[in-house]
Amino acid sequence: MKIALVVTDNFSAWNFRRGLLSALLETGAEVAIITPSGAWDQHLRGLGVRHIPIQIDRFINPAKDLKFAWSLYRILKRERFSIVHNFSIKPNILGAFAARWAGAGAVLGSVTGAGAMFSGDAPRLLQLVRPIIITAYRAAFRHTDRVWFQNLDDLDLFVRSRIVAPDQTVLIRSSGVDTNQFRGDRCDAAKLGNIRARIGAGPETVVVTMVSRALWNKGISEFIQASRVLGNGSGIDVKFVLAGDGEAGNPATVPARYLRERESSSFTWLGWTSDVRELLGASDIVTLLTWDREGVPRSLLEAMAMARPIVATDVPGCREVIDAGRNGYLVNPKNAAGVIEALRPLIADPGLRRRFGSESRRKVVREFDLDYVNRRLLAELYRFPARRQPPATALEQHTHV
């Protein structure tokens, strides 16, 4: 059996899909990843996956999009894959047509977060093209066998909008997180110390971290506002740390100059970091203040696996991971005052942080462990002969009528 995953960028192919790629390889299938070339090519090949490079523009560009569709069609026609699994908007739409016209076997789609395209706060251009995208989605999903959704909000949105038929949908929350790798005893103590020294955190400093692309719609402004209020006059040494860079070509990117100018005794911008596990291990509280719909945010799952309490916005995707008052708090988007009030008790009370962190760890192991997610993907989305499966949660047994 030959299987291809079509992914829009090189980093996502490695960071978010390598667990699924490994699970597919364990079935004995020949697995290929169709994604642009980049820094992670060697890592992907190291898994035993065949990398087929292709050019994909992440933003709207009709000429480049047509070129991508034609290139993908030629690859799929040549390779004759048994299964083609598309990720994100362009592969979901253009990849579905290319796969079907090329004579591929099963065509699978993935909505790993409806994102800014379906947000009420979407930029003007996205609002203008939204009806076109919805129409294209409807047509493409008529050529798609099954579509994987990571949260119930997105699944309901696509069904209500008649983009996808209820019997095409598969609800499996998140891409999973390796809870054996993301745990406190796997951290390098020297790296933890180096990180805390780098951000100027002493032994008693409470570190509040957000791992996110530096985009306005990820709540960067609210995060910095909270650092100014809680880092001054509270009587507690608090450090807010943002880990992540902007995105070239994205109009929502926060300028690097803006972030550098706002660094202070209570706020540090780290930029992109490869030591996410150790950064989370050096942190006390983790946030994600996005305005937009998410899938199920990996950064929050990794923090939960590291037994950290969570504060996040009450948007699709983030809701999946927080049991309010048990492992964290939900706040309204674009509401710095709400973020501040949610963080206050966690900053002030180490015991509360420990209790919430323990519940985070229990929840992520129970509901979002990578092996659990991959077994369900192979059985329910790929329709491989089922191995023994853990029971689905009540939420995941949701059926549309």
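The values are calculated or read from the model by the stated rules, or taken from the named source; none is laboratory data. Just so you know, these numbers come straight off a predicted model, no measurement behind them. Here the Cβ positions follow ideal geometry from the backbone for every residue, glycine too, while neighbour counts run over all protein chains shown. All accessible areas refer to the heavy atoms of the entire protein, side chains included, with ligands and DNA or RNA removed. Shrake-Rupley method; radii C 1.70, N 1.55, O 1.52, S 1.80 Å.
Between a first residue in the stretch 82-100 that is in contact (Cβ under 8 Å) with a residue 24 or more places away in the chain and a second residue that is of a type in the set (D, E, K, R), which pairs have beta carbons less than 7 Å apart while being 6 or more apart in sequence or on different chains?
If the second residue must be of a type in the set (D, E, K, R), the pairs left are 82/2; 90/65; 94/65.
Residue 196 is checked against (1) open to solvent by 10 Å² or more (accessible area, probe 1.4 Å); (2) without any contact (Cβ under 8 Å) to a residue 60 or more places away in the chain and fails just one. What number does that condition carry?
Here residue 196 clears every test but (2).
Hey, any hits in the stretch 131-142 for a residue that's in a helix (DSSP H, G or I), open to solvent by less than 40 Å² (accessible area, probe 1.4 Å) and among the charged types (D, E, K, R)?
No, the conditions are met nowhere in the stretch 131-142.
What are the pairs with Cβ atoms under 8 angstrom where one residue, in the stretch 167-191, is of a type in the set (Val, Ile, Thr) and the other, located anywhere, is loosely packed, with under 15 Cβ neighbours inside 10 Å? Sequence gap at least six, or different chains.
These pairs meet every condition: 169/400.
Among the residues of the stretch 339-363, which ones are open to solvent by less than 60 Å² (accessible area, probe 1.4 Å) and either of a type in the set (A, V, I, L, M) or on the phi > 0 side of the Ramachandran plot (or both)?
Matches in the stretch 339-363: 339, 340, 342, 343, 346, 347, 352.
Please state which one of 75, 93 is modelled with pLDDT of 95 or more, over 21 Å from the mean Cα position of the chain (by Cα) and either among the polar types (S, T, N, Q) or open to solvent by less than 20 Å² (accessible area, probe 1.4 Å) (or both).
Among 75, 93, only 75 is modelled with pLDDT of 95 or more, over 21 Å from the mean Cα position of the chain (by Cα) and either among the polar types (S, T, N, Q) or open to solvent by less than 20 Å² (accessible area, probe 1.4 Å) (or both).
Six or more apart or on different chains, Cβ atoms under 6 Å: show the pairs whose first residue is in the stretch 261-272 and closer than 13 Å to residue 201 by Cα and whose second is modelled with pLDDT under 95 and crowded, with 18+ Cβ neighbours inside 10 Å.
Correct list of pairs: 266/231; 268/199.
What is the residue count in the stretch 287-298 for residues that are surrounded by 22 or more Cβ atoms within 10 Å (Cβ to Cβ) and either among the basic types (Lys, Arg) or within 19 Å of residue 254 (Cβ to Cβ) (or both)?
Result for the stretch 287-298: 8.
Restricting to the stretch 226-246, name every residue that is touching a residue at least 40 places away in the same chain (Cβ under 8 Å) and either surrounded by fewer than 17 Cβ atoms within 10 Å (Cβ to Cβ) or at positive phi (or both).
Residues satisfying the conditions are 234, 236.
Any chance the stretch 13-21 includes a residue that's in a helix (DSSP H, G or I), surrounded by fewer than 16 Cβ atoms within 10 Å (Cβ to Cβ) and touching a residue at least 60 places away in the same chain (Cβ under 8 Å)?
Yes.
With the stretch 195-290 as the region, which strands (runs of 3 or more DSSP E) entirely inside it contain at least 1 residues that are under 24 Å from residue 326 (Cα atoms)?
The qualifying strands (runs of 3 or more DSSP E) are 206-211, 238-243, 285-288.
Considering every residue within the stretch 326-338, establish whether at least one is on the phi < 0 side of the Ramachandran plot, open to solvent by less than 60 Å² (accessible area, probe 1.4 Å), in a helix (DSSP H, G or I) and touching a residue at least 60 places away in the same chain (Cβ under 8 Å).
Yes.
Which residues, taken from the stretch 141-190, are basic (Lys, Arg) and touching a strand residue (DSSP E or B) at 6+ places or on another chain (Cβ under 8 Å)?
146
Please go through (1) more than 22 Å from the chain's Cα centre (by Cα); (2) surrounded by 14 or more Cβ atoms within 10 Å (Cβ to Cβ) for residue 190 and return the number of the only condition it doesn't satisfy.
(2)
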